[in-house]
Amino acid sequence: MNNIANIISISIGAVFINNFILSKFLGLCPFFGVSKKLSSATGMGMAVVFVMAIASSFTWVINRFILIPYDVAYLQTIIFILVIAALVQLVEMALQKYSPSLYEALGIYLPLITTNCAVLGVALINTGVNTFTGEPYTFFESLLNGVMSGVGFMLALLLMAGLREKLEFSNIPKGLEGLPIAFITAGLMALSFLGFAGLNFFSPVGG
Amino acid sequence: MEILIPLIIVGSIGAFLGLGLGIASKKLFVHVDPRIPMILDVLPNANCGACGYAGCSGFAKAVAEGKAAPNGCIPGGAKCAHAIADLLGVTASAEEPQMAVVHCKGGRKEAAERAIYNGIQDCNAATIIGNGSKICQNGCLGLGTCVRSCPFDAIFINDNGIAEVDPEKCTGCGKCVKSCPRKIISLIPKVHKIFLACSNRDRGAKVKKYCSVGCTACTLCVKATPSGAITMDNNLPVLDYSKEENFITAAYKCPSKCYTDLVKKRSKANIDTNCDGCGLCITVCPVPGAITGEKGKRHVVDKEKCIGCGNCLHICPTHAITLWGTGLQPKQARMA
């Protein structure tokens, strides 16, 4: 029971309560850049989920078995950037080789994920403490956190893309057309996601 | 010595990742035609779609694969076609550069309106509602649908409320031709500077009532063009630009001034001392009183009246007439 509660807590937490875009304000560049069309937003969302999952698992292993034992945890940021950049390169090469159509569809966005702070964000959060168990994230938990953070990113991206496709046809004051109205929309979405902030399904152990 | 630990860790992780990527780039190597990015470099990269592909990269790929001709890029023109041909090692036949023209000049001053249009400022929207506010059913609405379609910023709505193409900027991509709901924009060869600025097919008496520059189908231009380059089609002259014809006489003869000449100042005829005063030039000159002179004596051209049509050039038996001054000569001068 506790295990399931833990999974649900991490999932809901990553997707809604601590949504990367709308609560933590990380990864805003692709959020505005790729949210013009629903189809490309889906592709970008999938790519982020994929990269976040791989990045969380690899960085967890490096953190746990290299950085912590040698007492160099302060190198987390630089090492994680290194690992994530290399991983994305690798994924890009593999995609170009084995799935050219997906490679074409993701286009410029795949290399952009390299510098996406949301991916680095999830890796750094995984080095912290799981608020539900009150202990450091296990490998499985950090993987789950990575995937669910990606899902949350994708959710925000899809919501935004859907709204922006509708916005194209609405009567917007001329000075607000394009990016300005997207910023306002994003702000309103962030406000509504604030409603999840108090959500706490299962009280943490001992809390 | 403490500093060695992070050095070794970061260094070894970096080296490991670099090695991994190096191996991966060999193992996962995908052969990409190196000519594609090279072709893409010489293309205008405006992604206008005039070539029929979804953007410049699509065209570059098709050219590299031999599916498209090197001269397929219309905005790039001959320069681009040659650059691509050089890359591919083939010879390119350059397409004659074209430009768009708007076949209407009946603006606020000339053409009567039958209603006031206050709706969405777009020609398509205006066409849906009662086919626009002008009485003329073929006139330019001047709401700028073509302006917005132009990727090169070459069309503008002039002071008279009529769309006008800047010949300097126009690349002949043809996007405006497709965008116009009235279908009154077409492409003409860039060397030709004269076109019929009217698309109305109504009868003359009717046209006169609502547009002072409308074509009345008087056929004077057809009669003024012995080369047969102008034919009447359903009350509207059709100009055949493939024939050797400069249309200057036709434009001059038009009583409603429907023709637009993009050349502001044409070169004028000049008769030199070789003139033997045969008077043949006076018979072919469309402007009364532009060439004067007594029989047997050297004739003179009135530079104010001469329209530079070049009719007299080749009729002169002593080759005494040449075109002087600004303007385009080689292709414009008629080779009758």
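The values are calculated or read from the model by the stated rules, or taken from the named source; none is laboratory data. What you see is a predicted model; the values in this text were computed from it and never measured. Please note: Cβ atoms are built from the backbone with ideal geometry, for glycine as well, and neighbour counts cover all protein chains shown. When the accessible area is computed, the model is the full protein with side chains, heavy atoms only, and any ligands, DNA or RNA have been set aside. Shrake-Rupley method; radii C 1.70, N 1.55, O 1.52, S 1.80 Å.
Which of the residues belonging to segment B:151-192 are modelled with pLDDT of 90 or more, touching a helix residue (DSSP H, G or I) at 6+ places or on another chain (Cβ under 7 Å) and more than 22 Å from residue B:133 (Cα to Cα)?
Across segment B:151-192, the qualifying residues are B:186, B:187.
Scan (1) without any contact (Cβ under 8 Å) to a residue 60 or more places away in the chain; (2) over 30 Å from residue A:85 (Cα atoms); (3) not aromatic (Phe, Trp, Tyr) for the single condition residue A:194 breaks and write down its number.
(1)
Looking at the structure I just gave you, is residue A:195 surrounded by fewer than 12 Cβ atoms within 10 Å (Cβ to Cβ) and closer than 22 Å to residue A:55 by Cα?
Taking the combined requirement at face value, the residue does not satisfy it.
For residue B:57, work out the one condition from (1) more than 14 Å from every other protein chain (Cβ to nearest Cβ); (2) small (Gly, Ala, Ser); (3) more than 23 Å from residue B:192 (Cα to Cα) it doesn't fulfil.
Tallying (1) more than 14 Å from every other protein chain (Cβ to nearest Cβ); (2) small (Gly, Ala, Ser); (3) more than 23 Å from residue B:192 (Cα to Cα), residue B:57 fails exactly one: (1).
Could you go through segment A:115-125 and let me know if any residue there is more than 8 Å from chain B (Cβ to nearest Cβ), farther than 21 Å from residue A:21 by Cβ and touching a residue at least 12 places away in the same chain (Cβ under 8 Å). Outline the logic, then answer.
First, the residues of segment A:115-125 that are more than 8 Å from chain B (Cβ to nearest Cβ): A:115-125.
So of that shortlist, the ones also farther than 21 Å from residue A:21 by Cβ come out as none.
No; the residues of segment A:115-125 include none that is more than 8 Å from chain B (Cβ to nearest Cβ), farther than 21 Å from residue A:21 by Cβ and touching a residue at least 12 places away in the same chain (Cβ under 8 Å).
Please verify whether residue A:128 is free of Cβ contacts under 8 Å to residues at least 12 places away in the same chain and not aliphatic (A, V, I, L, M), treating the condition exactly as stated.
On the way: free of Cβ contacts under 8 Å to residues at least 12 places away in the same chain: yes; not aliphatic (A, V, I, L, M): yes.
Judged against the criteria, residue A:128 is a match.
I'd like to check something: does segment B:79-89 contain any residue that is in a loop (DSSP other than H, G, I, E, B) and either hydrophobic (A, V, I, L, M, F, W, C) or touching a Phe, Trp or Tyr at 6+ places or on another chain (Cβ under 6 Å) (or both)?
No: segment B:79-89 contains no residue that is in a loop (DSSP other than H, G, I, E, B) and either hydrophobic (A, V, I, L, M, F, W, C) or touching a Phe, Trp or Tyr at 6+ places or on another chain (Cβ under 6 Å) (or both).
If I ask for residues that are part of a helix (DSSP H, G or I) and of a type in the set (A, V, I, L, M), which ones from segment A:156-176 would you list? Write out each step before concluding.
Just the residues of segment A:156-176 that are part of a helix (DSSP H, G or I), to begin with: A:156-167, A:174-176.
Listed by number, the residues that qualify are A:156, A:157, A:158, A:159, A:160, A:161, A:163, A:167, A:176.
Show me the helices (runs of 4 or more DSSP H) entirely contained within segment A:47-155 in which 1 or more residues are aromatic (Phe, Trp, Tyr).
It comes to A:76-98, A:100-106, A:109-114.
Within segment B:290-315, can you find the residues that are β-branched (Val, Ile, Thr), surrounded by 14 or more Cβ atoms within 10 Å (Cβ to Cβ) and not in a helix (DSSP H, G or I)? Can you show your working first?
Start the filter on segment B:290-315 by keeping residues that are β-branched (Val, Ile, Thr), which leaves B:291-292, B:300-301, B:307, B:315.
Subset that is surrounded by 14 or more Cβ atoms within 10 Å (Cβ to Cβ): B:291, B:301, B:307, B:315.
B:291, B:301, B:307 - these are the residues of segment B:290-315 that are β-branched (Val, Ile, Thr), surrounded by 14 or more Cβ atoms within 10 Å (Cβ to Cβ) and not in a helix (DSSP H, G or I).
Starting from residues that are part of a helix (DSSP H, G or I) and buried (at least 16 other Cβ atoms within 10 Å of the Cβ), keep the ones in segment A:33-46 and report whichever is farthest from the chain's Cα centre (by Cα).
A:40
For segment B:236-250, enumerate the residues that are outside any loop (DSSP other than H, G, I, E, B) and closer than 14 Å to residue B:103 by Cβ.
Matches in segment B:236-250: B:236, B:237, B:238, B:239.
Output the residue which, of all residues in segment B:41-56 that are open to solvent by 50 Å² or more (accessible area, probe 1.4 Å) and in contact with a helix residue (DSSP H, G or I) (Cβ under 6 Å, 6 or more places away or on another chain), is farthest from residue B:89 (Cα to Cα).
Going through segment B:41-56, the residues open to solvent by 50 Å² or more (accessible area, probe 1.4 Å) turn out to be B:41-42, B:44-45, B:47, B:52-54.
Adding the requirement that they be in contact with a helix residue (DSSP H, G or I) (Cβ under 6 Å, 6 or more places away or on another chain) leaves B:42, B:45, B:47, B:53.
Numbers: B:42: 15, B:45: 22, B:47: 24, B:53: 22 Å.
The residue in question is B:47.
What's the number of the condition residue A:13 fails, among (1) farther than 19 Å from residue A:119 by Cβ; (2) at pLDDT 85 or above; (3) not hydroxyl-bearing (Ser, Thr, Tyr)?
Of everything listed in (1) farther than 19 Å from residue A:119 by Cβ; (2) at pLDDT 85 or above; (3) not hydroxyl-bearing (Ser, Thr, Tyr), residue A:13 misses just condition (1).
Please determine, by comparing only the residues of segment A:1-32 that are in contact with a Leu (Cβ under 8 Å, 6 or more places away or on another chain), among the β-branched types (Val, Ile, Thr) and part of a helix (DSSP H, G or I), which one is surrounded by the most Cβ atoms within 10 Å (Cβ to Cβ).
Only one residue fits best here, namely A:10.
Just to be sure, is residue B:146 surrounded by 23 or more Cβ atoms within 10 Å (Cβ to Cβ), more than 24 Å from residue B:166 (Cβ to Cβ) and at pLDDT 85 or above?
So residue B:146 does not fit the description; no.
Quick one: in segment A:82-99, of everything that is surrounded by fewer than 17 Cβ atoms within 10 Å (Cβ to Cβ) and not hydroxyl-bearing (Ser, Thr, Tyr), which residue is farthest from the other protein chains (Cβ to nearest Cβ)?
My answer is A:94.
When you scan segment A:41-65, how many residues do you find that are within 14 Å of another protein chain (Cβ to nearest Cβ) and in contact with a helix residue (DSSP H, G or I) (Cβ under 6 Å, 6 or more places away or on another chain)?
4
Limited to segment B:13-49, what total is found for residues that are farther than 17 Å from residue A:87 by Cβ and either within 13 Å of another protein chain (Cβ to nearest Cβ) or part of a helix (DSSP H, G or I) (or both)?
13
Just one of (1) buried (at least 17 other Cβ atoms within 10 Å of the Cβ); (2) more than 29 Å from the chain's Cα centre (by Cα); (3) assigned to a strand (DSSP E or B) trips up residue B:275, so point out which.
All conditions pass for residue B:275, except number (3).
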